[in-house]
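As structure tokens, the structure follows; a few thoughts come after it.
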């Protein structure tokens, strides 16, 4: 019997894993059976109930076997089974096999990628923290400080507790900064025993149109540029109508369309989460690809590129 890999439950009364085996007597006479209790006790992690009995002719009996690992290692036990009190030679050897594994925290993705945004505009990514083996665990987290203190906020909209009835929690990471910055660091999560589980997080904020061009394409109908004397061009986050923009002209600047207050976000478990940010519309992507193909044909290669990126992938 192979229990395979089982997580060592963290709690005051961890429940063992169990499976059933069936013993049959196809003979026309009753038979008495029993297992070697000493070998069973020596395993320390396997138990059987019952360990002996009498089977009537053509009858069957279901025996429950439990596996309760307490170390992250492989457990193998060979238990002799005897018939009719003849202990000189076992009728057969029952082999139990299983492996223990520590409880762990894991994530619904390999890394968190915050969408690139202009200065002073919030970017947000939502991801899931999952677990395997905890009975009741309150999450604790902090941002690694290898690159210095970063203005990253981590919030738990549905609470921090994981457990038997709650296998995952939603986590939101937000970032906003007033000067150009690009970073990669880690969000570290800790369990009650101090074990650390980390996930990389990356983000960029800049005042360069080249850097945040994907943001401009995703929010083409919402962006609003502000131009003021002796100051760089910036995207404005004020929510105003086109008519109000024309009236106020943002303090003498060049006004565009209104920009919504909502953060540039990534919603987990959707198509957006697969790329790490809200995708650019497919029609805009197609135009971008056509532009790259034309530029490549005119500037670099003598061979005609008909389709980008298929021609180079």
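The values are calculated or read from the model by the stated rules, or taken from the named source; none is laboratory data. Since the model is a prediction, treat every value here as computed from it, not as a measurement. Counting neighbours? That spans all protein chains shown, and the Cβs are built from the backbone with ideal geometry, glycine included.
Of the residues 105, 79, the single one that is assigned to a strand (DSSP E or B) and either without any contact (Cβ under 8 Å) to a residue 60 or more places away in the chain or within 22 Å of residue 42 (Cβ to Cβ) (or both) is 79.
For residue 46, the conditions (1) out of contact with any helix residue (DSSP H, G or I) (no Cβ under 7 Å at 6 or more places or on another chain); (2) under 30 Å from residue 162 (Cβ atoms); (3) at pLDDT 90 or above are fulfilled apart from (1). Among the residues here, residue 85 does not qualify as over 30 Å from residue 29 (Cα atoms), without any contact (Cβ under 8 Å) to a residue 60 or more places away in the chain, out of contact with any helix residue (DSSP H, G or I) (no Cβ under 9 Å at 6 or more places or on another chain) and assigned to a loop (DSSP other than H, G, I, E, B).
Here residue 137 clears all of (1) assigned to a loop (DSSP other than H, G, I, E, B); (2) at pLDDT below 90 except the condition numbered (1). In the condition set (1) within 20 Å of the chain's Cα centre (by Cα); (2) in a loop (DSSP other than H, G, I, E, B), residue 145 is compliant with all but (1).
Look at the range 27-38: where a residue is closer than 9 Å to residue 84 by Cα and a partner is assigned to a strand (DSSP E or B), sitting 6+ places away or on another chain with Cβ atoms under 6 Å, you get 31/55; 31/83; 32/54; 33/83; 34/52; 34/82. Residues that are within 18 Å of residue 286 (Cα to Cα) and either surrounded by 10 or more Cβ atoms within 10 Å (Cβ to Cβ) or touching a strand residue (DSSP E or B) at 6+ places or on another chain (Cβ under 7 Å) (or both) within the range 299-309 comprise 305, 307, 308, 309, listed in sequence order. The single condition among (1) crowded, with 16+ Cβ neighbours inside 10 Å; (2) within 30 Å of residue 134 (Cβ to Cβ) that residue 55 does not meet is (2). Put simply, of 79, 94, 112, 105 the only residue that is out of contact with any helix residue (DSSP H, G or I) (no Cβ under 6 Å at 6 or more places or on another chain), modelled with pLDDT of 90 or more and farther than 30 Å from residue 192 by Cβ is 94.
Restricting the range 169-196 to residues that are under 14 Å from residue 116 (Cβ atoms) and surrounded by fewer than 17 Cβ atoms within 10 Å (Cβ to Cβ), the residue that is farthest from the chain's Cα centre (by Cα) is 180.
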